[in-house]
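The values are calculated or read from the model by the stated rules, or taken from the named source; none is laboratory data. What you see is a predicted model; the values in this text were computed from it and never measured. Positions of Cβ are backbone-derived with ideal geometry, glycine not excepted, and every protein chain shown enters the neighbour counts. Note: accessible area is taken over every heavy atom of the protein model, side chains too, but ligands, DNA and RNA are not part of it. Shrake-Rupley method; radii C 1.70, N 1.55, O 1.52, S 1.80 Å.
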Amino acid sequence: MNFREKKNIMIIAILIAITFMSAGYALLSEQIDLRNATTSIKPIWDVKLLSISSIETEGYAESLQESIESKFTAKFASKFHMSGDKITYIINVKNEGNVPAKLNSIDINTEEQNKDFLVYTVDNLNVGDELKAGETKMFTLTIEYSDELDLALQEDLLMETILTLNYTQK
């Protein structure tokens with residue numbers, strides 16, 4: 001093969017390569033329409049109390065019962081004997097959905113006649129806190145019998161307390 005034949009073969013090879021590259025570019029540069037191909041994620045709202053348990057008592061206080069009544073409500077039955085008796089509960093709430101939640105209020109209800117003798121303290125949970133999707137929040141609730149007279153009771157004070165967490169979508 002002489003120089004001229006080699007040159008012609010090279011030109012033909014380059015033209016074939018350019019043709020394939022042009023066709024490939026044309027295929028890849030075609031506009032892709034994603035408007036009809038998108039998938040939507042269905043929002044799932046699922047915030048709930050997972051667990052509750054008494055972790056500490058002081059004085060003669062006793063935890064008689066802890067139960068989860070609904071997704072947002074827990075019930076505690078407690079017994080107190082004298083001022084300073086205290087029970088601490090640990091509570092877990094989880095957002096099992098895919099929508100963030102915001103805590104709007106913490107409601108604690110008890111029997112009206114004994115309301116003035118009990119002090120409730122919630123730690124590690126505040127109104128306005130966000131609970132992200134998949135997140136679990138652990139907090140404590142302390143119930144203390146606090147009588148200003150500082151006397152032992154004639155009979156043990158049996159209390160039923162209801163805790164309700166009011167979450168909304170953020």
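Some values worked out for this structure:
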{"item": "Condition check for Ser78: over 13 Å from the mean Cα position of the chain (by Cα) and either among the charged types (D, E, K, R) or more than 24 Å from Glu130 (Cα to Cα) (or both)", "result": "yes"}
{"item": "Some residue of the stretch 19-32 being among the aliphatic types (A, V, I, L, M) and either under 30 Å from Asp123 (Cβ atoms) or modelled with pLDDT of 90 or more (or both)", "result": "no"}
{"item": "Flag for Ser67 being assigned to a strand (DSSP E or B), open to solvent by less than 50 Å² (accessible area, probe 1.4 Å), without any contact (Cβ under 8 Å) to a residue 40 or more places away in the chain and over 16 Å from Thr168 (Cα atoms)", "result": "yes"}
{"item": "Condition check for Ala101: touching a residue at least 12 places away in the same chain (Cβ under 8 Å), in contact with a Lys or Arg (Cβ under 7 Å, 6 or more places away or on another chain) and either farther than 17 Å from Tyr89 by Cβ or surrounded by 13 or more Cβ atoms within 10 Å (Cβ to Cβ) (or both)", "result": "yes"}
{"item": "Every pair of residues 6+ apart whose Cβ atoms lie under 8 Å, when the first sits in the stretch 109-133 and is over 16 Å from Ile143 (Cβ atoms) and of a type outside the set (Gly, Ala, Ser) while the second is at pLDDT below 90 and open to solvent by 50 Å² or more (accessible area, probe 1.4 Å)", "result": "Glu130/Lys170"}
{"item": "Members of the stretch 138-153 found to be modelled with pLDDT of 95 or more and either farther than 19 Å from Ser105 by Cβ or open to solvent by 50 Å² or more (accessible area, probe 1.4 Å) (or both), listed by number", "result": "Met138"}
{"item": "Qualifying residue in the stretch 53-60 (condition: modelled with pLDDT of 85 or more, open to solvent by 90 Å² or more (accessible area, probe 1.4 Å) and more than 27 Å from the chain's Cα centre (by Cα))", "result": "yes"}
